[in-house]
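Scroll down for the structure; my scribbles are underneath it.
The values are calculated or read from the model by the stated rules, or taken from the named source; none is laboratory data. Keep in mind that this is a model prediction, so the values were computed, not measured. Cβ placement follows ideal geometry from the backbone for every residue including glycine, while neighbour counts extend to all protein chains displayed. Only protein heavy atoms, including side chains, enter the accessible area calculation; ligands, DNA and RNA are left aside. Shrake-Rupley method; radii C 1.70, N 1.55, O 1.52, S 1.80 Å.
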Amino acid sequence: MTGSSSAGARRRPQRHLPLQIFLGFLVVYFLVPFWWVIVNSSKDAPGLFGGSNTLWFADQVDYFGNIQRLFTYDGGIYGRWILNSTLYAFAGGIGATILAVMAGYGFAKYRFAGRRFSFSILLGALMVPATALVIPTFMMFSGLGLTNTIWAVILPSLLNPFGVYLMHVYARDAVPDEILDAARVDGAGELRTFLQVAFPLMRPAVVTVLLLSAVASWNNYFLPLAMLSDNRLFPVTVGLGLWQGIASANNSGSTSLWSLIILGALVSVIPLVIAFFTLQRHWRGGLSVGGLR
Amino acid sequence: MGHAVLDRPAHPPLPSIDPSEPTMTLLIEESASSTQEKAHKARGKVRLREHLMGWLFVGPFGIVFLAMLIAPLGYALYLSLWQKKLIGGTSFVFLGNYVKAFTDPTFLSGVWFVVRFSLVAIPLQILIALAMALIVDAVTSLFTRFSRLMVFLPYAIPTVIGAVMWGFLYSKSFGPLTDIFGLFGAPAPDFFSKNLIFYGLINVVTWQWAGYYMIILYAALQGIDPSLYEAARMDGAGKWQIALRIKIPLIAPALLLILVFSLIGTLQFFNEPQILRYLAAGTIAPGFTPNMYAYQQAFGLANFNYGSAISFALGGIVFVCVYAFLFFTRKRRSFF
């Protein structure tokens, strides 16, 4: 039996109502926080604290007013945070992906001296907790005068050992040696063979690694929290954390800040959700690699 | 969504998934170490080029690896062996900081907390993820396809924002808990209290990660050759038997992978308690988890030597836990 005909066998419609109802409950659970944020970011401060209906809209829905307040508060610092996050995610994500694709391909397709040794070091590094590196990296960077600059956030996020591992597994399985040899026989150099023959075959894994490392940079909190002291360099995660600290510290005086935090959380999430949904065909293929073997 | 095309992963079936249908590439890969090595010796000069090209491809990552991983680790080790005193300056204390850490009640209670937390949170997350993955894999309907995406959504949310969102939901002043429990005439539970903060955090972490693990398990399930199910059905196996005896054993490597990653992540717990600390004033102390303690020592008290020692000790604990785990499951080979 070949793969194409057996795929049809699984497509047979099956309806398990109890299972689907169970799944439905879980979906509600996973969506409740989003719903709460969507509803409550439409409220102003009195609506937020005085309204009794926390899971439904208040009488007046004021998204535009809130958005305007969000982006003008404190000289438009929120917009800056979003731009910073975007910069860190793109620079860190793209850089880490280029390095991981090259290294994964190198490990998979060249038997060079020291390959086995360096690969086992890499596998050991998968278990090094990333946060254990934050304090010593901070000390190193402060010696070099790099703390409180964008490089303090971008340089450490170039390191993605899991990306290398994923690319290695994928390149080994999805790029046949014969094709590479054929390209070489036809006179293509190593770099051209890599770019024009191997790279297109590795694309699903490349998208996965790119997305995972960009998300890791966007989500990063501990590293920028430690490295940056100038709030104009903060990514949105650290910025919202800062606002939350301020709002909790003086509960009565900063009620207006709470509605900004709620809307800020919602706005900061939108780019990632869009990226995941539009790219889902690509990353889903790549994700299966890491888990299988 | 809704298109049949989107339902299937867009990648070609991977050769290594299905042992019953070895492809040509797989056969060549398996014997690579012996035959390819010989072929290369015959080619002579080509080998030098291969060494060079290999290092050219791996080199750039190697430099970042040395600069951003090996160097900080070495530096942390170095720092952790010294102690700074107000009087007398910095002195070499060798393992003094580690002796201090492992007798420091704050550090030990932090370690005990993350260990306890892992023991509850990880099995819970993986059970939920596995149940969802099995349902989404077995039942093909528009609703399961929709659920798959919705359940994954929290993964796209930064952990900090996730914690902020749940902080709102737990909040007495604008969270819905008071209303919901009010319907039954019961007082709302206070997830920021000392008794319930453990469960409050378990809930945040489960919400954040279960969907991601579900996607990994689902991808692994989709890689199984469906003809196996056909054969099992002919032998009289029911749906539950197929799930328990065929599907779960075949995705064991994926399960192991997510177990290891969740263990590494949970032992380093930092973001969520750090964020909820503002709301749960008094409940979450600065030394609540080992990582928070290291952060407080380094950045709150400018005690970088002791902070580094705590980071390093925590790294050591993670390493030992993961290795012990892999040793007991005896799956090291199939994982790597």
What does the net charge come to around B:ILE284 if you take all other residues with beta carbon closer than 13 Å to its beta carbon, with K and R at +1 and D and E at -1? +1
For the pair A:ASP62 and B:SER91, how long in nm is the line joining their label points, each one 7 Å along Cα→Cβ? 6.3
Sites A:GLN196 and B:ALA188 - FRET efficiency at Förster radius 60 Å, r taken between beta-carbons, to 0.05: 0.45
Student exercise, segment A:68-220 dipole from Lys, Arg, Asp, Glu Cβ charges, in Debye to nearest 20: 160
Estimated FRET transfer efficiency (A:ILE121, A:GLN20; beta-carbon r; R0 41 Å; 0.05): 0.30
Which parts of segment A:187-204 would a label at B:ARG49 reach, counting a residue when its backbone N lies under 11 Å from a point 7 Å out along Cα-to-Cβ? A:187-191
Nearest-10 value in Å² for the accessible area of A:THR97, using the 1.4 Å probe: 10
Low-density loop chymotrypsin sites (Phe, Trp or Tyr not before Pro), segment A:53-103, at most 16 other Cβ within 10 Å, DSSP non-H/G/I/E/B, are A:TRP56, A:PHE57
Averaged over the residues of A:215-225, the number of partner chain Cβ atoms within 10 Å of each residue's own Cβ comes to 4
Result for interface chain B to chain A, accessible surface buried in total, 1.4 Å probe, Å² to 100, stands at 11600
Peptide B:199-207 - average C-beta neighbours from other chains (10 Å radius): 1
Net charge, A:ARG184 excluded, C-beta distance under 10 Å - Lys, Arg +1, Asp, Glu -1: -2
Relative contact order of segment A:78-291, please, whole-number percent, based on alpha carbon pairs below 8 angstrom and at least 6 residues apart. 35
Picking from A:VAL207, A:LEU158, A:MET140, whose Cα lies most toward the positive end of the charge dipole for segment A:128-212 (charges on Cβ: Lys, Arg +1; Asp, Glu -1)? A:MET140
Heavy atoms only, 1.4 Å probe, whole protein assembly: order A:ARG172, A:ARG232, A:ARG184 by accessible area, highest first. A:ARG232, A:ARG184, A:ARG172
On a full-extension model of 0.36 nm per residue, what is the gain between B:ALA281 and B:LEU124, subtracting their alpha-carbon distance, rounded to one decimal in nm? 53.8 nm
So between A:ASP74 and A:LEU146, what do we pick up on full extension, going 0.36 nm a residue minus the alpha carbon distance? 23.3 nm
With +1 assigned to the C-beta of every Lys and Arg and -1 to the C-beta of every Asp and Glu, and no other charges, what is the dipole magnitude of segment B:197-312 about the Cα centre in debye, to the nearest 20? 120
Please work out the Cα center distance from segment B:147-180 to segment A:159-194, rounded to the nearest Å. 42
Using 13 Å as the cut-off for backbone N distance, which residues of segment A:141-185 belong to the label zone defined by a point 7 Å from the Cα of A:LEU87 along Cα→Cβ? A:148-155
Across peptide A:30-43, what mean number of C-beta atoms from other chains lies inside 10 Å of a residue's C-beta? 4
On the formula 1/(1 + (r/R0)^6), with r taken between the Cβ atoms of B:THR103 and B:LEU196 and R0 of 30 Å, the FRET efficiency rounded to 0.05 is 0.50
